[in-house]
1. Evaluate the stretch A:97-104: report whether one residue or more is part of a loop (DSSP other than H, G, I, E, B), at pLDDT below 85, more than 30 Å from B:Val40 (Cβ to Cβ) and open to solvent by 40 Å² or more (accessible area, probe 1.4 Å).
2. With the requirement that a residue be open to solvent by less than 60 Å² (accessible area, probe 1.4 Å) and not aliphatic (A, V, I, L, M), what does the stretch A:10-22 give you?
3. Being away from chain A (no Cβ under 12 Å) and not β-branched (Val, Ile, Thr), is that true of even one residue in the stretch B:28-49?
4. Of A:Val47, A:Val56, which residue is within 22 Å of B:Pro47 (Cβ to Cβ), open to solvent by less than 80 Å² (accessible area, probe 1.4 Å) and at pLDDT below 90?
5. Taking the condition of being facing chain B (nearest Cβ under 7 Å) and open to solvent by 50 Å² or more (accessible area, probe 1.4 Å), how many residues in the stretch A:23-32 meet it?
6. Take A:Arg40 and decide whether it is among the charged types (D, E, K, R), part of a loop (DSSP other than H, G, I, E, B), under 36 Å from the mean Cα position of the chain (by Cα) and over 28 Å from A:Asp160 (Cβ atoms).
7. Kindly provide the set of residues from the stretch A:140-158 that are part of a helix (DSSP H, G or I) and in contact with a helix residue (DSSP H, G or I) (Cβ under 9 Å, 6 or more places away or on another chain), ordered by number.
8. How many of the residues in the stretch A:121-130 are buried (at least 23 other Cβ atoms within 10 Å of the Cβ) and either within 14 Å of the chain's Cα centre (by Cα) or modelled with pLDDT under 90 (or both)?
Amino acid sequence: MGARERSRLVPEAAAVAAAAALLALAVNALRPAGLPLVARTPYEVLVPCPEPGGLVVPLGPGDPALRAPRKFLIDARGKEAFRRFHLPGAVNVPYDWLDPLPASELRQLAREVAASRATRVVVYGDGGRPDSGEHLGREISGRGLRHVSFVRGGAPALEDGGAP
Amino acid sequence: MSPSDVAARMAVPARWYLGALFVWASAHKIASPHDFAVDVATYGILPLALVNPVAIVLPWVELVAGLMLLAGLRVRTAALLVAAMMATFLAALLLALGRGLDMSCGCFASRGAEHDPISWLTVVRDALWFALAVLVLAGDRGALALDRLIERRSARCAT
């Protein structure tokens, strides 16, 4: 490619793009389904938001880690279910399937975990599919809490005799 | 055979392939500008005011560049346009992947994220197409091209 051709390339490409743009605008103006030049309202874009999902270790309901002294228990079920049954010392953080845990609640939770000097955070939920405990565990782990586990089968499995 | 001879030989099928690809890619975008505008908006890169102009103009630039490559008309100019578009698409893809968006690339027919999700494979594919465009840009010598026919005609007229 000679220097003359090289210097000609960019203006020529710009001219071709401009001609194509004019053709596009003309066709768009003439066609019944043409787009307005500027969208008046934002497009409804349906893209699932990336979920903050961290690492969680699954535990069986009879796992010795549940009997370890330095653990912080979180019950991810609703208040009513928590009142009916919960592991001793568990705090109730109902998992919301639609909205993430508010940052202020997460900070409070992190403070409580730190104050308890726990080395492991254990979450249990309704044991369903999907399991609220596993999801809450992934959420808080993805947002900064470390050494998070969840109980497979959740509260029903713990109630069925697996509870420590 | 020198490397430039190899590049010149590969440039012909490469430009036909890229030409057909760009004509094909432009077809659904021209037929369904609204769907393509949604694809452009999904990337979340452009301000709303620029979504429609890009959705209207870009497919026609793709079509014109594709037809020029197929016909062999101003091949290097068309290859430069294709390379510039591929570089832009790559940057948009990398931004979308970096932001963790689970979406369709919108490169061809809009099939939704479930059937045509962006991934690192999409990036590799686009990088290969970018490399092909550069190959055509650097290696084309006008073989089997309308440009050569026009040159011969004008030379004959001049003598």
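1. yes
2. The one that is open to solvent by less than 60 Å² (accessible area, probe 1.4 Å) and not aliphatic (A, V, I, L, M): A:Glu12.
3. yes
4. Numbers: A:Val56 fails: within 22 Å of B:Pro47 (Cβ to Cβ).
On inspection, the qualifying residue turns out to be A:Val47.
5. Narrowing the stretch A:23-32 to residues facing chain B (nearest Cβ under 7 Å): A:23-25, A:28.
Retained after the next criterion (residues that are open to solvent by 50 Å² or more (accessible area, probe 1.4 Å)): A:23, A:25.
The qualifying residues number 2.
6. Details: among the charged types (D, E, K, R): yes; part of a loop (DSSP other than H, G, I, E, B): yes; under 36 Å from the mean Cα position of the chain (by Cα): yes; over 28 Å from A:Asp160 (Cβ atoms): yes.
Yes, satisfied.
7. Start the filter on the stretch A:140-158 by keeping residues that are part of a helix (DSSP H, G or I), which leaves A:140-142, A:154-158.
A:Ile140, A:Gly154, A:Ala155, A:Leu158 - these are the residues of the stretch A:140-158 that are part of a helix (DSSP H, G or I) and in contact with a helix residue (DSSP H, G or I) (Cβ under 9 Å, 6 or more places away or on another chain).
8. Taking the stretch A:121-130 first, the residues buried (at least 23 other Cβ atoms within 10 Å of the Cβ) are A:121-125.
Filter once more, keeping what is either within 14 Å of the chain's Cα centre (by Cα) or modelled with pLDDT under 90 (or both): none.
Matching residues across the stretch A:121-130 total 0.
The values are calculated or read from the model by the stated rules, or taken from the named source; none is laboratory data. Computed from a predicted model, the values in this text were never measured in an experiment. When we count neighbours, we look across all protein chains shown, and the Cβ atoms used for this are built from the backbone with ideal geometry, even at glycine. The accessibility values were calculated without ligands, DNA or RNA, using every heavy atom of the protein model including side chains. Shrake-Rupley method; radii C 1.70, N 1.55, O 1.52, S 1.80 Å.
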